[in-house]
1. Being surrounded by 20 or more Cβ atoms within 10 Å (Cβ to Cβ) and not aromatic (Phe, Trp, Tyr) is the filter here; which residues of region 195-207 pass it?
2. What residue, among those in region 132-144 that are free of Cβ contacts under 8 Å to residues at least 60 places away in the same chain and either assigned to a helix (DSSP H, G or I) or at positive phi (or both), is surrounded by the fewest Cβ atoms within 10 Å (Cβ to Cβ)?
3. Looking only at region 185-207, which residues are among the aliphatic types (A, V, I, L, M), more than 19 Å from Leu94 (Cβ to Cβ) and either modelled with pLDDT of 95 or more or touching a Pro at 6+ places or on another chain (Cβ under 9 Å) (or both)?
4. List pairs: first residue in region 106-117 and under 16 Å from Thr143 (Cβ atoms), second residue modelled with pLDDT of 90 or more and charged (D, E, K, R) anywhere in the structure, Cβ distance under 9 angstrom, at least six positions apart or on different chains.
5. For region 145-181, name all the residues that are touching a Pro at 6+ places or on another chain (Cβ under 9 Å), in a helix (DSSP H, G or I) and among the basic types (Lys, Arg).
6. Can you report the number of residues in region 7-50 which are part of a helix (DSSP H, G or I) and either small (Gly, Ala, Ser) or in the same structural domain as Glu111 (by TED's automatic domain parsing) (or both)?
7. Restricted to region 145-176, and to residues that are touching a Leu at 6+ places or on another chain (Cβ under 7 Å) and buried (at least 17 other Cβ atoms within 10 Å of the Cβ), which residue is nearest to Thr213 (Cα to Cα)?
8. Can you name the number of the only condition in (1) more than 26 Å from Pro217 (Cβ to Cβ); (2) in contact (Cβ under 8 Å) with a residue 12 or more places away in the chain; (3) within 15 Å of the chain's Cα centre (by Cα) that Ala74 fails?
Amino acid sequence: MSTHETHRRVTDRVLAVLNALSKADDLDVHELSERTKIPASTIYRILAATNDAGFTRRVATGRYSAGPGSIPLAQRYREHALKHSAVAQQLEKLVADSGELAAFLIPYGNEALCVEAVETHRTLRCSFSTGATQPLLYGATATALLSRLSQARRQRTYAHYDLDTSTIETIEHECNRAITDGYAVSTGVLDPGVWGASAPVIDADGALLGTVTIMVPELRVQGRTNRLIDMVCRTSDELSGGKA
């Protein structure tokens with residue numbers, strides 16, 4: 001194994017541990033090993049370093065949780081990436097125009113992570129909260145994100161979920177369609193009765209920042225599909241390329 005591959009493997013393992021702890025109140029080493037497929041002996045070494053750095057902490061005998069070191073990073077992200085690019089304001093405008101839930105999601109390991117969400121006040125509405133994740137595989141959000149990631153990055157995600165060739169070909173077909181259209185749509189893929197549309201947000205250098213997603217109860221979509229897609233694409237355009 002080359003030095004580069006060794007460093008990449010170490011980095012991936014550290015990130016896998018932090019990712020696992022981001023989804024639970026606390027975990028013991030055995031649970032971390034099961035979730036990450038990393039040997040317990042390696043988990044102990046990783047935790048020794050991340051505890052010292054403050055990114056994790058020991059909360060009870062053999063149990064660990066996210067540490068205070070993660071707070072400044074999250075705060076810097078919200079202040080710079082979200083406020084600077086006016087994500088919240090654009091989502092609020094999208095909700096006002098559409099009357100539906102709008103969210104901003106980013107690729108996070110092998111998942112799509114919601115970093116901002118604005119809900120509508122309608123009685124019947126979709127709900128999605130900041131910090132929620134979903135597999136980076138199916139649905140409008142995942143397709144819009146995957147379509148803008150490198151082939152190597154997509155292949156790592158497919159390998160993580162141990163997908164067969166036929167499933168990969170189907171996802172790749174959807175990604176190619178999203179690239180051509182500039183957006184992705186889905187109905188009932190993750191939740192029955194929910195229609196979604198997503199469009200990627202690209203920075204001035206052409207790098208993927210995330211995706212603007214709208215979620216709508218399927219019964220309210222009829223006759224509005226094109227208008228809702230236009231709203232999502234317009235919002236993503238406003239946030240792309242340093243326009244906001």
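1. Gly196, Ala197, Ser198, Ala199, Pro200, Val201
2. Among those that are free of Cβ contacts under 8 Å to residues at least 60 places away in the same chain and either assigned to a helix (DSSP H, G or I) or at positive phi (or both), it is Gly139.
3. Leu190
4. Correct list of pairs: Pro107/Arg148; Pro107/Arg153; Asn110/Arg156.
5. If the condition is that a residue be touching a Pro at 6+ places or on another chain (Cβ under 9 Å), in a helix (DSSP H, G or I) and among the basic types (Lys, Arg), then Arg153 is the only one that fits.
6. Number of matching residues: 7.
7. Looking at residues that are touching a Leu at 6+ places or on another chain (Cβ under 7 Å) and buried (at least 17 other Cβ atoms within 10 Å of the Cβ), I get Leu145.
8. (2)
The values are calculated or read from the model by the stated rules, or taken from the named source; none is laboratory data. Please read these numbers as outputs of a predicted model, since none were measured by experiment. Here the Cβ is made from the backbone with ideal geometry for all residues, glycine too, and neighbour counts use every protein chain on show.
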